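The values are calculated or read from the model by the stated rules, or taken from the named source; none is laboratory data. Predicted model, so just to flag it, every value in this text is computed and none were measured. Note: ideal-geometry Cβ built from the backbone for every residue, glycine included; neighbour counts use all protein chains shown.
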Amino acid sequence: MALLEVENLDVTYATKQRPPLFAVRNVNFELNAGEFVGLVGESGSGKSTLGNAILKLLLPPGRITAGSVRFEGKELTTLPDEELRQMRWRDFSTVFQSSMNSLNPVTRIEAQFQDVMAEKSDLSNSQIHDRIGELLQMVKIDPSFMRYYPHELSGGMKQRVALALALALKPKLVILDEPTTGLDVLVQKEIMHNLRTLQREQGFAVLLISHDLGTVLEVSDRVLVMYAGEMVEDAPTHGMLKHPIHPYTHGLLGSYADPAAEEVEISYIPGRPPDLTRVPKACPYAPRCPEAIPLCRQAKPQLLPMWDGKAACHVAQMQWNDEQHNHTRHSEEGPKLLDAAFSEATSHKAMKLEGEEVLRVENVSKTYQRRAGFKTTSMNAVNDVSFNLRSGKVTGLVGQSGSGKTTIARMITGTEYPTSGAIWFGETRVDKLKGRGIHNYRKHVQYVFQDPFSALNPVHTIQYLLMRPLMNYGKLNAAQARQKVRELLETVGLTPAEQFETKMAHQLSGGQRQRVVVARALAPDPDIIIADEPISMLDVSIRAEILQLLDKLVRERKIAMLYITHDLLSARLLSDEILVLNQGHVVEQGAAKTVIRQPTNEYTQLLLEAIPRLERPDHVRASYVPTAEPTKVQVDASPVSEE
């Protein structure tokens, strides 16, 4: 008997005002004791809903409408609330999405552990204190930190505290929902390595929910793939890497590449997931699938065993049946890969133009003063940094959180002033500008923010949001601004523009919102764009779209771009030059390919080693033979129908 058995599970969100949303449909899988299983898929695929449904933590209007969830043979869906409450933390526990915000901000770390352990165990106060120390040491945190408040810890430390809390009562199952989202690549690596070590030592089972396929494949024994509320593949990690069965999994794997390879290219999945208020009658992936046949649009495939896993795919099933009938094997053949959506060979870098200097940063330093009582302490955020931004070129700024990347960006935009050094925009000294001077300068430098979900005012239409900078900086009247808004939307690939200009931000997908943010940055016709982690909040399946868009702007508009990131893959693809920052110092600087392929600094090497390594063949092949030529990859800005 498996530790966890999920059978024909359905979860629906239903309100009186809106049609019901069928978030999870007919999901089946098992999880054995001591097994480490990953659950991946795009945002909105139902991953978090499934995790909350298993633990019966769904909030209204979400509810389980069909199916069964059994833990050690005990049915959880009908278990009384009090009995279920006794099982939580002791038999199974969870680390919530955004767990850095799930710790009580006004309670010390020790007290938060005490609340759980005093209620759920028979330990004395002194034993609880000792156990808290053991748990913190287990996740590589000094026990003295139990006296701290959450806000006094770094993001990585808060995440490890949440993990230690989940393991406090030695549960048999831990569900982790996006446990490394928003963390640096080095911190992610440390937390996942620490988790895997603890799991092997203590033998608890893990369900790791994430949209980061690279991290999941690196640590998991088996991977479940969800799409549009349905399970489309269930396969061991090694098999998925060598020959993914479902075309959707194949598309997700195309979003990854080794940044240190000789040539780097990534692809993306065109289109968008279907509207789940209308249950797809056939394969939900068919409108986006390059291998779809007429049967895919007529009948829903079942999750069936094939090769070393399971998949819900008509095409794969046909090929599997053919192999079984003819006793032949094509598992190393598979379909032709989609043409790369974005690569160095097709980017602006292939033009090899020498751009003119637009902005010069000379020996800039920034020191912050912190006063506590009569004592003042100094913190050097940026130390003696120099570089140039050139038209038609991208300069990448790479490093961990706290390395000084955003501080440099703020000084370039004039929202912060350097303690020493100078910033020149042509003949203008930026760090000396005030009032009207800084306002006029900001027409030439614009910002693309990290989080597209909070960067747009939710109460205004897209048209209004884009008209404001046009009227403020371009001095256009309302009619002229409305026409320019349509041109901007067309420029960033949101076509037809009339379909998008009257929408609100919440009606757009993450990728579409980020395109609007880019369009807003283009409105004043700037010379410089600062892109601060512009793809970190987006699904891997659409990151290449945004990189392709930024590259197009650099190539066609000759914009100088400062690209801030901790993702070395995107830095390699987009940047001409890379600066590696560590604790405010530039520790390595040079051509992107040279810095990534031949790093000379130990810190750069550490960043490269922290990237998940997918041990895949040079040409990944799926387990079936293509039935049609792959479709040409195009940016589809409109939602995809399930019809």
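Selection of region 6-25 for residues being surrounded by fewer than 18 Cβ atoms within 10 Å (Cβ to Cβ) and touching a residue at least 60 places away in the same chain (Cβ under 8 Å) yields 7, 8, 18, 19, 20. Restricting attention to region 1-56 and to residues that are over 24 Å from residue 542 (Cβ atoms) and of a type in the set (S, T, N, Q), the residue that is modelled with the lowest pLDDT turns out to be 17. Looking only at region 121-131, decide whether some residue is out of contact with any strand residue (DSSP E or B) (no Cβ under 6 Å at 6 or more places or on another chain), surrounded by 19 or more Cβ atoms within 10 Å (Cβ to Cβ) and assigned to a helix (DSSP H, G or I). There is no residue in region 121-131 that is out of contact with any strand residue (DSSP E or B) (no Cβ under 6 Å at 6 or more places or on another chain), surrounded by 19 or more Cβ atoms within 10 Å (Cβ to Cβ) and assigned to a helix (DSSP H, G or I).
Taking the conditions (1) outside any loop (DSSP other than H, G, I, E, B); (2) closer than 17 Å to residue 89 by Cα; (3) out of contact with any helix residue (DSSP H, G or I) (no Cβ under 6 Å at 6 or more places or on another chain) in turn, residue 151 satisfies each one other than (2). Checked against (1) under 30 Å from residue 288 (Cα atoms); (2) surrounded by fewer than 24 Cβ atoms within 10 Å (Cβ to Cβ); (3) not small (Gly, Ala, Ser), residue 582 passes all but condition (1).
Meeting the requirement of 1 or more residues that are among the polar types (S, T, N, Q), the strands (runs of 3 or more DSSP E) wholly within region 491-583 are 560-565, 577-582. Here residue 289 does not fit the description of being free of Cβ contacts under 8 Å to residues at least 40 places away in the same chain and either outside the structural domain of residue 28 (by TED's automatic domain parsing) or hydroxyl-bearing (Ser, Thr, Tyr) (or both). Of all residues in region 477-508, those being surrounded by fewer than 17 Cβ atoms within 10 Å (Cβ to Cβ) and without any contact (Cβ under 8 Å) to a residue 40 or more places away in the chain number 11.
Residues in region 120-148 that are of a type in the set (Lys, Arg) and more than 20 Å from residue 88 (Cβ to Cβ): 140, 147.
So that you can scan it fast, the table gives a plain yes or no per residue for (1) assigned by TED's automatic domain parsing to the domain that holds residue 207; (2) more than 24 Å from residue 310 (Cα to Cα); (3) of a type outside the set (S, T, N, Q):
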| residue | (1), (2), (3) |
| --- | --- |
| 8 | yes, no, no |
| 12 | yes, yes, no |
| 18 | yes, yes, yes |
| 29 | yes, no, yes |
| 36 | yes, no, yes |
| 43 | yes, no, no |
| 47 | yes, no, yes |
| 51 | yes, no, yes |
| 54 | yes, no, yes |
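The residues listed here are 475, 484; of these, the one that is farther than 29 Å from residue 361 by Cβ and in contact with a Gly (Cβ under 8 Å, 6 or more places away or on another chain) is 484. Each residue in region 164-212 was checked for being under 20 Å from residue 610 (Cβ atoms), surrounded by 22 or more Cβ atoms within 10 Å (Cβ to Cβ) and more than 18 Å from the chain's Cα centre (by Cα), and 1 of them qualify.
Name every residue in region 585-606 that is over 17 Å from residue 349 (Cβ atoms) and not in a strand (DSSP E or B), in order of residue number. Hits for region 585-606 are 598, 599, 600, 601, 602, 603, 604, 605, 606.
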